[in-house]
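Presented below is the structure to which this report refers.
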Amino acid sequence: MELSTRKTLDRAFSGTGMFSICLMTASLLVILLPVFAKGIKAFVFRETIENRKMILEQFHRGDSAALDIEWESARTARQPVYDAMQAFRIELDTLEGSRRRELRSSFREVESALQSLLGPEPGSTLSPLLRNRYGQTRWDRAQVKLQQVLFREAWDYSRPGEAGTRQWIPRKQTFAGTRLEPMFDHLETKLDSMLQPRWTFYWRFLSDDSRDSHLFGGIWPEVLGTLYLTIGAMLFAVPMGVIAAIYLTEYARPGRVVQILRTCISTLAGVPSIVFGLFGLAFFINTLQVSSSKSVLAGSMTLALLILPTIIRASEEAILAVPRTYKEAALSLGSGTWNMILTVLLPAALPGILTGIVISMGRAAGETAPIIFTAAVSVGKPLTLLQTLTQPTPALPWNIYNLATEHAAVEEIRHVQFGMVLTLVVMVLILNATAIAIRARIARRMKG
């Protein structure tokens, strides 16, 4: 091949490689930037006085004296709303039948929307559900609830052959001429005084327990559960994977059995993760009975099987990459095979082994299907180390899916969903960065 042709091909391959890197970076930015933008709202947002009240009552944090002053001001701003509602209840009994029935139905909708916005009326019986004890704790959601109070949603199907169009009809028109009519203008102009929003940095989103199915509080049980499952999986998978790699490279004789083993390992790496979950349920829980039902222990062992092929193959390649002269020199000095493996082979192969561990760690932290049947629950308290042997745990991957698909108030907790995604991404990045830093430090020591 001519030199000019070789240079042209080199430039072409280099350009293709750079284009691929730029394309991959752009794809990651397109995926991750919305996650970061929406996930940060779980930590930084405009809280209302309802949130400060909830934090004080449920988590016992905050200045109660300052809150009393703020609450008195908010109560004063809300009083005209409650007065108008009470006056309308009295007026409602004086109206004629058809008009009374029409307004009573609409008034029930207003009462429900107002309770969601401002919380229960003074003097009413507190509901056992926390979601019915407080109004909107976030200013952005308060704006949505305000619209539901001020407007009634309706659909126009007057155009044949076309889909219905949504319309927002002012409720003020419905209650025109009644004692309730002035309330709508008061709500629209005085909501800021009623809820007293201010910016806050809620870093305890990571350390608080959840309340009322994640409508309030944080995600500490999920974070801790993910750490338990990830670390537990690595504790099982790393020793087994490295020992298996040592056996395949240093002790096993080449032949049909070894070929079958390698084929099985490669096949396991491509098995769908849901299959590992069903296997973990059938084998670890029902057959071996490592726990009576779901537990962190069973989930960790299932995840260990999932990542075991990756660790075996990465460790095997790392061991094979060690120069043969290292082993020959150690053996020629009288070292035994096992001593040579421990003192020469494994230290030299350690950076490559850690690469496989890094990849496996990220996968173990983000897997959902294997832990559905073996370890994960939707709601739970943080576990102690001893409880991990017998108890299930919430975990970020499962709870992200659960909140996005099965929660009754899915629109109310979008910030929690994205906050969990952001936390999981950052956790994986931190775990990987830590492992990479350790690998780089070991590699430098070996070279130096």
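Coordinate-derived values only; no laboratory data. Here the structure is a predicted model, which means the values were calculated and not measured. For neighbour counting, all protein chains shown are included, and Cβ atoms are generated from backbone atoms with ideal geometry for every residue, glycine included.
Here are the numbers for the structure shown:
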read-out: Long-range HN-HN contacts of Arg138 with modeled amide H, under 5 Å; value: Thr48
read-out: Peptides 148-157, 424-433 ordered by average Cβ neighbours within 10 Å, highest first; value: 424-433, 148-157
read-out: Likely footprinting exposure, Glu188, Glu96, Glu367, fewest C-beta neighbours within 10 Å first; value: Glu96, Glu188, Glu367
read-out: Cut-off 10 Å between beta-carbons: net charge of the residues surrounding Arg89, Lys and Arg +1, Asp and Glu -1; value: -1
read-out: For segment 354-360, 3J(HN,Hα) per residue [Karplus equation, 6.51 cos²θ - 1.76 cosθ + 1.60, θ = phi - 60°, Hz, x = Gly/Pro]; value: 5, 4, x, 5, 4, 4, 5
read-out: Residues Ile438, Ile311, sorted so that the one with the fewest Cβ neighbours within 10 Å comes first; value: Ile438, Ile311
read-out: Where chymotrypsin sites (Phe, Trp or Tyr not before Pro) fall in DSSP loop in segment 275-340, at most 15 other Cβ within 10 Å; value: none
read-out: DSSP beta bridges in the chain [antiparallel fraction, %, rounded to 5]; value: 95
read-out: Packing-based exposure ordering (other Cβ within 10 Å, fewest first) of Thr48, Thr405, Thr390; value: Thr405, Thr390, Thr48
read-out: Simple spin-label estimate for Arg131 and Asp209 in nanometres, 7 Å along Cα-Cβ; value: 2.0
read-out: Hull-based mean projected area of segment 48-200, where the convex hull spans the alpha carbons, in square nanometres; value: 11.6
read-out: Rounded to 10°, Cα long-axis angle of helix 3-39 versus longest principal axis of the chain; value: 40
read-out: Reach of Lys172 by Cα under 30 Å, taken over lysines that are not fewer than 8 positions away in the same chain; value: Lys145, Lys190
read-out: 21 Å Cα-Cα reach of Lys381 towards lysines, excluding residues that sit fewer than 8 places from it in its own chain; value: Lys294
